[in-house]
Amino acid sequence: MPKARFGPVATIHYFLESLSNVALNWYMQLDEGKIQTWKQLADAFLYRYKYNIDLIPDRSDLQSLSKKDDESFKTYAQRWREMAAQVEPSLSDKEMVTMFINSLS
């Protein structure tokens, strides 16, 4: 694995700049004495937001997806396909076509 180009201070700075809304509020409420290194900050963040990793879409999520009124067909099809690619267990081609067509009605 290549080494990072930035030191820990720069890494933390760029990380903080990427935060917004709820995540930024979470950071602002951290106990300053408990977080002293990049690893501690990264571990605390992963512990807090790990549930997002665990949210793999399933067939019912895909079936409930619908085209937004202001969304083009192409954009919707891409969004649908991106979600379909994440569904576990994977969809067969026939199942994918059937579900996509059904999502349009």
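Here is a yes/no grid of residues against (1) surrounded by 10 or more Cβ atoms within 10 Å (Cβ to Cβ); (2) acidic (D, E); (3) touching a helix residue (DSSP H, G or I) at 6+ places or on another chain (Cβ under 7 Å):
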residue: L19; (1), (2), (3): yes, no, yes
residue: Y51; (1), (2), (3): no, no, no
residue: M83; (1), (2), (3): yes, no, yes
residue: E88; (1), (2), (3): no, yes, no
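Out of (1) surrounded by 12 or more Cβ atoms within 10 Å (Cβ to Cβ); (2) among the basic types (K, R); (3) part of a helix (DSSP H, G or I), what's the single condition that is false for K94? Just one mismatch for K94, condition (1).
Of all the numbered requirements in (1) on the phi < 0 side of the Ramachandran plot; (2) under 16 Å from the mean Cα position of the chain (by Cα), T75 misses one, and that requirement is (2).
Name the pairs: first residue in segment 19-37 and on the phi < 0 side of the Ramachandran plot, second residue assigned to a loop (DSSP other than H, G, I, E, B) and hydrophobic (A, V, I, L, M, F, W, C), Cβ to Cβ under 7 Å, at least 6 apart or on different chains? Close Cβ pairs satisfying both conditions: Y27/L19. In segment 30-49, which residue that is farther than 17 Å from H13 by Cα and over 17 Å from the mean Cα position of the chain (by Cα) is surrounded by the most Cβ atoms within 10 Å (Cβ to Cβ)? Among those residues, the one meeting the criterion is K34.
For segment 48-83, a residue qualifies if it is assigned to a loop (DSSP other than H, G, I, E, B) and either within 13 Å of N102 (Cα to Cα) or touching a residue at least 60 places away in the same chain (Cβ under 8 Å) (or both), and the qualifying residues are L65, S66, K67.
The residues of segment 53-72 that are more than 17 Å from the chain's Cα centre (by Cα), surrounded by 12 or more Cβ atoms within 10 Å (Cβ to Cβ) and under 30 Å from L19 (Cβ atoms) amount to a single one, E71.
No value in this document is a laboratory result; all are computed from the given coordinates. A quick note: this is a predicted structure, and the numbers were derived from the prediction, not measured. For neighbour counting, all protein chains shown are included, and Cβ atoms are generated from backbone atoms with ideal geometry for every residue, glycine included.
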